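J.: Take this structure, written in structure tokens, and hold onto it; I'll ask about it next.
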Amino acid sequence: MTSTPAAHDPNKMAVLRRTQAVFSVLLVLFVSPLPCHNVPAYQKPVMVQQTGKVLPKPQMLTVSAEAYTLAMSGFKFTYGSSSQMCDIVDQAFRRYYDLIFVVDGVKKAPVVSKDMSELTELQIMVKEPCTGVYPSLESSENYTLTVAAPMGTLVADSAWGVLRGLETFSQLVYRTDDGMIIINKTTVDDFPRFAHRGILLDTSRHFIPIKYIKQNLDAMAYNKFNVFHWHIVDDPSFPYQSVAFPDLSAKGAFNPYTHLYTQEDVKDVIEYSRLRGIRVVPEFDTPGHTASWGAGLPGFLTPCYDGSAPNGKYYAANPMLNTTYDYMTKLLQEIKDVFPDKYVHLGGDEVSFNCWKSNPDITKFMEKMGFGTDYSKLEEYYIKNILDITTSVGRDYIVWQEVLDNGVQAKSTVGEVWFEHPTIQAVLERLTAKGYRVLLAAGWYLNHDVYNPGTDWSTFYKLDPRVFNGTQAQKDLVIGGEACMWGEYVDGTNLIARLWPRASAVAERLWSNKDVTSMADATVRMDEQRCRMVRRGLNAEPLHPGFCQFEYD
């Protein structure tokens, strides 16, 4: 399946990578007698200047040549007299103060010019109460920022808009070669194009320690992503420690003592995300992708047969047993209690019918239900039950696109597009024509091998989720998208470098105006954003030969 994202299927990914590897070797052997010289033409190294360029690009940005200095001892964030106050904004004040004034882990007082006006304060106005709130799909992230000495203003409906505005403010600030911290006179009126701007992270194929999950959440905040799609379990391992079913991780994790997300870990991630305006949407994918569930949940998987006898193998949730739905009811109730977001991702992709077909009890059940030999009806039966259970516990749901293609009736369902048959645009047109809201993931699988290092991000950048044949009403049903990092070849050692700054290209496509398409302009801002993330302590990979003012240590 080389033309579609294969990361959902490890076997397909392995075949794809072996094929690519063989092709690469043959290419080197027959085209280049000196493989060490088989590199792009010389590129002059770039010293990336920090000049206060913003990514994602705001909807409206006006920057004047008039510039002001900021002094570590003289600058402060404050609330306006009628502003709402809360911990989200309080903690953001501290974070962004450090991001502006801390270099290499040390607070460095900038040089202050007596010949320039000084910006001494950024006053914040939050209109809506923000104590104890969680972000949602409907949250406002709009903000207006005005920078003019001696005091700038940042006005937003919600704390989430304040967070986005503070990120923009911090990016407008830059440090000169002689040590001055500068910001230009600026006005910004900004809001996101799409409400759902996510990063999918697979923590089943490789366990990702909490430390690196938090680093990724920081990077997401720096790029105005607002959804952490936590693909927390899958076939290879079940690292989530369930209260209702503790054996799932005890028998399904790679190591039940070290490769485990405890309830406290999950709460920690949710709170860390909340303080950065990021929703946590967990995915518990069934009926397929459940191999790791079997040992800890006896009877949940379907016994496979060779002829008239079981062959000792198990595959997929058993859709005919009431106990299957009892298990899922208890688990989904727990998920609702643990994860505050309104949505849970239920998966539903890549279900092979071979095991179900081999099982004589399933065959009898099919006859009883009047499904004949159409196993897609059995899958639809299972999915409908799971959707009903999810609704009954008070949650909405997201599913992979196969569920929509197989005819689920609920128009409130959000479908995530992950493969391209025959094209991404054709899939978007087909699903929105049926009235479904959709997210785009196809085309943004960042775990795929980087064949053109430093330039493949341009492909991500050029993919617009709303460019397809359809009415405006159809295009409005595309509510966002996600950059995906599947875990076959990614763990804590390379997660950040593989994702960033490539995911920044997706961030801009999901936030900025549809007319923001200049690759030349984006390249300059991508360079600066990469160096900005490096200065902030993230090992974001380089885009081409060159160097940053502050290197990763």
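J.: Any residue that is of a type in the set (A, V, I, L, M, F, W, C), touching a residue at least 12 places away in the same chain (Cβ under 8 Å), touching a strand residue (DSSP E or B) at 6+ places or on another chain (Cβ under 6 Å) and not in a loop (DSSP other than H, G, I, E, B) - is there at least one of those in region 262-280?
T.: yes
J.: Moving on to the next point. For region 312-343: of the residues being loosely packed, with under 15 Cβ neighbours inside 10 Å and without any contact (Cβ under 8 Å) to a residue 24 or more places away in the chain, which is nearest to Gly370 (Cα to Cα)?
T.: Asn322
J.: Test Arg197 against the criterion of being among the basic types (Lys, Arg), assigned to a strand (DSSP E or B) and either surrounded by 21 or more Cβ atoms within 10 Å (Cβ to Cβ) or at pLDDT 95 or above (or both), and give yes or no.
T.: Judged against the criteria, Arg197 is a match.
J.: For the structure I just gave you, tell me whether Tyr240 is free of Cβ contacts under 8 Å to residues at least 12 places away in the same chain, hydroxyl-bearing (Ser, Thr, Tyr) and closer than 30 Å to Asp326 by Cα.
T.: Answer is no for this residue.
J.: To continue, here is another question. If you go through region 395-407 one residue at a time, do you hit one that is at pLDDT 95 or above, exposed (fewer than 15 other Cβ atoms within 10 Å of the Cβ), in contact with a helix residue (DSSP H, G or I) (Cβ under 9 Å, 6 or more places away or on another chain) and assigned to a loop (DSSP other than H, G, I, E, B)?
T.: no
J.: Oh, and also: I need the full set of residues from region 206-228 which are within 10 Å of the chain's Cα centre (by Cα) and more than 15 Å from Met485 (Cβ to Cβ), in order please.
T.: Asn226
J.: Among the residues of region 281-296, is there at least one that is under 15 Å from Phe339 (Cα atoms), over 23 Å from the mean Cα position of the chain (by Cα) and not charged (D, E, K, R)?
T.: No.
J.: Next question. Out of all the residues in region 414-435, which are more than 24 Å from Asp515 (Cβ to Cβ), in a loop (DSSP other than H, G, I, E, B) and modelled with pLDDT of 95 or more?
T.: Trp418
J.: Separate question: Just checking, which of Ala65, Ala92 is modelled with pLDDT of 95 or more and surrounded by fewer than 13 Cβ atoms within 10 Å (Cβ to Cβ)?
T.: Testing whether each residue is modelled with pLDDT of 95 or more and surrounded by fewer than 13 Cβ atoms within 10 Å (Cβ to Cβ) leaves just Ala65.
J.: Only residues that are more than 18 Å from Gly480 (Cβ to Cβ) and part of a helix (DSSP H, G or I): list them for region 503-527, please.
T.: Hits for region 503-527 are Met519, Ala520, Asp521, Ala522, Thr523, Val524, Arg525, Met526, Asp527.
J.: Check off (1) assigned to a loop (DSSP other than H, G, I, E, B); (2) more than 23 Å from Val478 (Cβ to Cβ) for Val188 and give me the number that stays unchecked.
T.: (1)
The values are calculated or read from the model by the stated rules, or taken from the named source; none is laboratory data. This one's a predicted model, so the numbers in the text were calculated from it and none came from an experiment. Positions of Cβ are backbone-derived with ideal geometry, glycine not excepted, and every protein chain shown enters the neighbour counts.
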